[in-house]
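Peer 1: The structure follows.
Computed from the coordinates by the stated procedures, all read-outs in this text should not be read as laboratory data. Fair warning: this is a prediction, and the values are worked out from it, not measured in the lab. All Cβ positions, glycine included, derive from the backbone under ideal geometry; neighbour counts span all protein chains shown.
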Amino acid sequence: MAHRNIYHVKQKASDSLVTFDNLSFENFTVPLSADRNLASTYQAPGKTSDLNSPDLVQLWNNKIADEYDALSPYHSRFFTLDYAQIDQGNDFDTVRWAADPAEPNFCFDEKTAQELSDWKLRIGHPLHSALSVKGRRETHNEYCEYRIVFSKDSQGNLRPKRVIFTTELREYWMLLATHSPERLAFAFEDITGRAPHWHELYGPGVTDPNQLSHEDRLLGFATWVSGGGGDSDLMDSGVPAQPIGRVNNLNALFMTHRINGLDDLLYIVLYGAHPYAKRENSAWIPATKDEIFSKSHFGETDPPIQLACRHADPAAALGAAGQAFSGRQIGFADPLGMYILSFAKNDFLFDGAAIPKEWIRFSRGEGEGLYQRLEFGPGDEDDHFLDEITVGDEEAPLKGGFQIAQRIEVGPRLRIGSSSTVTDAEYEAFEVQELDQPYNCAQASVCRNLARLRDEYEQYRFSEV
Amino acid sequence: MTDQIQEGVYFRPGERPPDHFAIAFLTLSNAPDPIRVRGLLDDIWNTIERLKSGDVADLPGQPFDPKNLSAFLGFGSSFFRRLALDSAMPPELKRFRPPKPDGGGSVSLGSGLNYGPDVMRNPADAAISLQFTGDSALSVRRAVVEVWKTIENYSASHGSSPLILSGSYTGFGREDKRSWIDFFDGTSNMRSDQRLAAIQIKERSIQLPDKWKEGGTFLCFMRIRVALKSWKSLSRADQEILVGRDKLTGCPLVVADDGTGSTPIPGCPFSSGGNVEDGENEQFRFASRPAGSQELRNSHIHRANQGRSTSSDPESRLVFRQGYEFLDGIDEDGNPVLGLNFVSFQDTPERILGMLKLPGWLGNVNFGGDEANQPPGMDELLTVFAAGFFVSAPVSQDGKFPGREIFSISDSLT
């Protein structure tokens, strides 16, 4: 758990669990921990064919379980990792939210949010290498990141060609990088259409990652491709928060923002999976979004109220809380991941008509509801450019990724079980106070940080593409 | 929590909209001068204030009962653009798409709502809207006519008018709380204590030229015709599945115990002959999304209100509805021309646009049901005569028309 400016009680994974460092990729067995004994197994996110062995599948499941165990203060009888054990469970994709960055919008306005989110400096600018994905790194924290691909037109002008969106989880790729360079290369090629050079994925000088220890693979990959994601162990080892290599910046392989991680996804669903309620007359009624976040339920120094302003957190937490209030047990449906659940493609026009089908390319998932990747816009072989597309009823020119992200909904898939009795004691444990008025998001502390970013943008905007 | 929402929005606890409604649209003449527009709006607002106190200019000394007349003033995007007040325009203020030149066409990309085939102009694509509500048919109609008189007087004294009364519609409330399709309507509207959070434009942390809007709201208006003949051709069961409620009682449908089909939620109504508008059935007005049935999740009530979040969150798509029905004669085929003046208030048009466009909401469907398998006629059950968004300033503290300070944002007026 990285961030959110809240106190978080994350514990180190139990020593009894299998960890990456004591496993050999070539020949290992992965026992279930004795106290876990789950009947459920999560496949690769999107049901991709990346995980081609039971051992890799087990490692992925151990990773999920490790993150879950580390969040023990938030555990609840209304949430289980063992989705197969949920009584009368059905899978739903109703917990979803808009993919556009919410924070710069509620702090400032839509125009500023679009500018900051699409921020990209012109290639060749002295600051380009550091700031080329500035918008992505600073603002794409609703479990969807994008990169704008530019190309020169016949006049030599650099123009946006298409936008690549990804919802793939950093932890999953780090697992592949640590334990199976071959499957990492497979996933890379699945996205880019070419085999990688090992140095792209593990750092300069690496010609055979199988000669590296697991730790060195992880450190190399984290440094050059994934970043540290706020992981304190990696940061202590010198891994930067964001990767210094280009391959993920250029290809949007997976998400790197520290908030967009498996740990935070688990955290926010677990945070919500309690029967938050308030009394109305003699009855219990569900707490509102602001009420859920306006009280310290888990020992936080300050209530995490500013989470209520974002897209992802209130949607995930309220989705879970609503089920807990009804006494329903929930879990992540198989496969656990973040998915592109809807895309309002009809809001875009090209030459006054619908977008050509080949300009909308979903991938990294086994069909609708499981896609983790979207490329929107003309391909390299096409003479057209992204800015020839219009968006919305007023047919405004498409400027970049923000306007597209506004029309994408992302979310996890949940399994929801049958209802059960919730006792007064359970409601009382998560009783909230009714608020006189909604929280004023403009006062959120994140707005002060974003004000500095906006000032920085104003300083450099002359160099923007 | 105090609010600054203009009058005519009946969202506060215990408030109920008056029975009568009118809306007037004003467009700008060629090359409008902002100073003249402001002057004429001053005159119009003065006329309205006099009407509200039972006084009309052409009948001096003849006071009348204003019948609880209220007025709500909003600005459309063309107001800002044509008066070169672009910097003061809220960026979220949108226009619906225009009808096709030969009629018809979608009101919004991705939406299944289309203009009527004979609609070639959108009267609600206007610079200014004036909504009137009151307790008598005369009160709201007279207000529209007095606005017209004020414009005529201005034109007579100044040689021309910068504003033109370009359209007007009227409507009435139904005491039975049903719509023309016979089902209860607006049943799952927000609780009164949740409404302000959904409709009041939020404060921002920085000073922007459109800061004047904070504390105000956005009006969405659509004049929607209902093809009642098509609706009547459906069985009651098919109608109920499309709506998601029992036709008589308004009780929400849930999956039947045997896992097939649907049935009114157990326990509703509480007593025989009751319905969801009774106090004892209040708990059944809002319907949770049925977990086990895509057919029910495709129904109108579950597409339009998904209960995803709380009202302050725009992604909840919750809006405060205050609609009025209309009956406007008989068409050439002998069918009644009737429908709904859809009126909603929200803190951003995105709530409505998302509801209309997004897959899983009302995107690609006209009213409800499976978009790929619509019952006969249901892809054109609703057609639109007029549609527009308008931003309203908070209530004025000095008796002038709300939003008058917008004009001082323009350098030409300072």
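Peer 1: Quick check on the stretch B:88-129: take the gyration tensor over C-alpha atoms, sort the square-rooted eigenvalues as a ≥ b ≥ c, and tell me if it's rounded (a/c under 1.5), prolate or oblate.
Peer 2: Note, shape of the stretch B:88-129 comes out oblate.
Peer 1: Sticking with this one: At what distance in angstrom do the alpha carbon centres of the stretch A:359-392 and the stretch B:199-231 lie from each other?
Peer 2: Taking the Cα centre of each part, the stretch A:359-392 and the stretch B:199-231 sit 32 Å apart.
Peer 1: In percent, how large is the relative contact order of chain B, given Cα pairs closer than 8 Å and 6 or more residues apart? Each step should come with its number before you reach the end.
Peer 2: Numbers: 895 pairs, mean separation 106.6, N = 414.
Across chain B, relative contact order equals 26 percent.
Peer 1: In square nanometres, what is one fourth of the surface area of the convex hull spanned by the alpha carbons of the stretch A:102-233?
Peer 2: 10.2
Peer 1: Sticking with this one: With a/c under 1.5 counting as rounded, go ahead and sort the stretch A:268-320 into rounded, prolate or oblate using the C-alpha gyration tensor (a ≥ b ≥ c being the square roots of the eigenvalues; past the cut-off, prolate if a/b is larger than b/c, else oblate).
Peer 2: Prolate.
Peer 1: Next up: Using θ = phi - 60° and the Karplus form 6.51 cos²θ - 1.76 cosθ + 1.60, what ³J(HN,Hα) does each residue of the stretch A:200-214 get, whole Hz, x for Gly and Pro?
Peer 2: Computed from phi, the couplings for the stretch A:200-214 are 5, 9, 10, x, x, x, 7, 10, 8, x, 5, 7, 8, 6, 4 Hz.
Peer 1: Hey, got a sec? Which GluC sites (Glu not before Pro) in the stretch B:192-276 land in a DSSP loop and have at most 13 other Cβ atoms within 10 Å? Walk me through the numbers on the way to the answer.
Peer 2: Numbers: sites: B:GLU203, B:GLU214, B:GLU240; in loops: B:GLU203, B:GLU214.
Hits after loop and neighbour filter: B:GLU203.
Peer 1: Which cross-chain or sequence-distant (5 or more) residues have an amide H under 5 Å from the amide H of A:ALA241, H modelled 1.01 Å from N in plane?
Peer 2: Distant-sequence amide H within range of A:ALA241: A:GLY228.
Peer 1: Expressed as a whole percent, how much of the Cα-Cα distance distribution for the stretch B:288-414 exceeds 23 Å?
Peer 2: 51
Peer 1: Follow-up. Provide, as a two-decimal number, the C-alpha radius of gyration of the protein assembly as shown over 2.2 N^0.38 Å, N being how many residues it has.
Peer 2: Numbers: Rg = 28.7 Å, N = 879, 2.2 N^0.38 = 28.9 Å.
Here the answer is 0.99, to two decimals.
Peer 1: Once every Cα of the stretch B:236-303 carries one equal point scatterer and solvent is ignored, give the base-10 log of I(q)/I(0) from the Debye formula at q = 0.27, 0.29 Å⁻¹, two decimals.
Peer 2: Values returned for q = 0.27, 0.29 Å⁻¹ are -1.23, -1.34.
Peer 1: Could you check how many percent of all C-alpha pairs in the stretch A:246-359 are farther apart than 18 Å?
Peer 2: Across the stretch A:246-359, Cα pairs with separations above 18 Å total 64 percent.
Peer 1: Taking each pair of distinct Cα atoms in the stretch B:11-146 once, what is the resulting Kirkwood hydrodynamic radius in Å?
Peer 2: Radius from the Kirkwood sum: 17.2 Å.
Peer 1: Still on this structure, I have one more. How big is the stretch A:334-465 in terms of Cα radius of gyration and Dmax, in angstroms?
Peer 2: My reading of the Cα-based Rg and Dmax gives 21.6, 65 Å.
Peer 1: Taking the Cβ of B:ASP42 as the center, what net charge do the other residues with Cβ under 9 Å away carry, scoring Lys and Arg +1 and Asp and Glu -1? List each step's numbers first, then the result.
Peer 2: On the way: positive: B:ARG38, B:LYS400, B:ARG404; negative: B:ASP43.
Taking every other residue near B:ASP42 into account, the sum is +2.
Peer 1: Sticking with this structure for a sec: For the stretch B:157-199, what is the convex hull (Cα atoms) projected area averaged across all directions, in square nanometres?
Peer 2: Hull-based average projected area comes out at 6.6 nm².
Peer 1: Let me ask something additional. D for the stretch B:95-191, whole µm²/s, Stokes-Einstein with Kirkwood Rh over alpha-carbon pairs at 4 °C and 1.567 mPa s: what number?
Peer 2: The diffusion coefficient I find is 77 µm²/s.
Peer 1: Can you tell me, using C-alpha contacts under 8 Å and at least 6 residues apart, the relative contact order of the stretch B:135-252 as a whole percent?
Peer 2: 18
Peer 1: Continuing with the same structure: Residue-wise, which Karplus ³J(HN,Hα) couplings in Hz belong to the stretch A:166-178, taking 6.51 cos²θ - 1.76 cosθ + 1.60, θ = phi - 60°, and x for glycine or proline?
Peer 2: 9, 10, 5, 7, 4, 4, 5, 5, 5, 5, 4, 5, 6
Peer 1: Can you give the Rg and Dmax of chain A based on its C-alpha atoms, in angstrom?
Peer 2: Rg, Dmax (Cα atoms, Å): 22.2, 72.
Peer 1: Once you list every other residue whose beta carbon is under 14 Å from the beta carbon of B:GLY134, what net charge do they have if Lys and Arg are +1 and Asp and Glu are -1?
Peer 2: Cβ neighbours under 14 Å give a net charge of 0.
Peer 1: Moving on to the next point. What's the exposure ranking of B:THR170, B:THR263, going from fewest to most Cβ atoms within 10 Å?
Peer 2: Lowest count first: B:THR263, B:THR170.
Peer 1: Starting from the amide H of B:SER111, placed 1.01 Å from N in the peptide plane, find each other amide H under 5 Å away whose residue is 5 or more places distant or on another chain.
Peer 2: Long-range HN contacts for B:SER111: B:ASN364.
Peer 1: Rounded, prolate or oblate: which fits the stretch A:62-103 when a ≥ b ≥ c are the square roots of the eigenvalues of the alpha-carbon gyration tensor, with rounded for a/c under 1.5 and prolate only if a/b beats b/c?
Peer 2: Note, shape of the stretch A:62-103 comes out oblate.
Peer 1: Next up: Just the ratio, please: alpha-carbon radius of gyration of the stretch B:199-263 over 2.2 N^0.38 Å, N its number of residues.
Peer 2: Output field value: 1.99.
Peer 1: At 37 °C and a viscosity of 0.692 mPa s, what translational diffusion coefficient does Stokes-Einstein give for the stretch B:135-252, taking Rh as the Kirkwood radius over Cα pairs? Give it in µm²/s as a whole number.
Peer 2: 170
Peer 1: Give me the Kirkwood hydrodynamic radius of the stretch B:8-88, using the inverse of the mean 1/r over all pairs of distinct Cα atoms, in Å to one decimal.
Peer 2: 15.3
Peer 1: Explain nothing, just compute: Karplus ³J(HN,Hα) = 6.51 cos²θ - 1.76 cosθ + 1.60, θ = phi - 60°, for every residue of the stretch B:388-397 in order, whole Hz, x for Gly and Pro.
Peer 2: Karplus values, whole Hz, x for Gly and Pro: x, 10, 9, 9, 10, 6, x, 4, 7, 8.
Peer 1: While we're on this one: What's the whole-number percent of alpha carbon pairs in chain B lying beyond 35 angstrom? Can you show the working numbers first?
Peer 2: Working: 24327 of 85491 pairs.
The proportion of pairs with Cα distances above 35 Å equals 28 percent.
Peer 1: Could you give the dipole magnitude of the stretch B:197-336 about its Cα centre, charging the beta-carbon of Lys and Arg +1 and that of Asp and Glu -1, in debye to the nearest 20? Spell out each step's value before the answer.
Peer 2: Values: 18 positive and 20 negative charges, 105 e Å.
Dipole magnitude for the stretch B:197-336 comes out near 500 debye.
Peer 1: Considering Cα pairs under 8 angstrom that are at least six residues apart, work out the relative contact order of the stretch B:132-185 and quote it in whole percent.
Peer 2: 19
Peer 1: GluC sites (Glu not before Pro), restricted to the stretch A:365-465: which are DSSP loop and have at most 14 other Cβ atoms within 10 Å?
Peer 2: For GluC sites (Glu not before Pro) across the stretch A:365-465 that sit outside H, G, I, E and B with at most 14 neighbouring Cβ atoms in 10 Å, the list reads A:GLU366, A:GLU368, A:GLU381, A:GLU394, A:GLU395, A:GLU434.
Peer 1: Shifting gears a bit: Please report the net charge: other residues with Cβ closer than 11 Å to the Cβ of A:TYR202, K and R +1, D and E -1.
Peer 2: Details: positive: A:ARG217; negative: A:GLU200, A:ASP208, A:ASP216.
Net local charge, A:TYR202 excluded: -2.
Peer 1: For the stretch A:242-278 and the stretch B:236-311, what is the centre-to-centre distance using only Cα atoms, to the nearest Å?
Peer 2: 36
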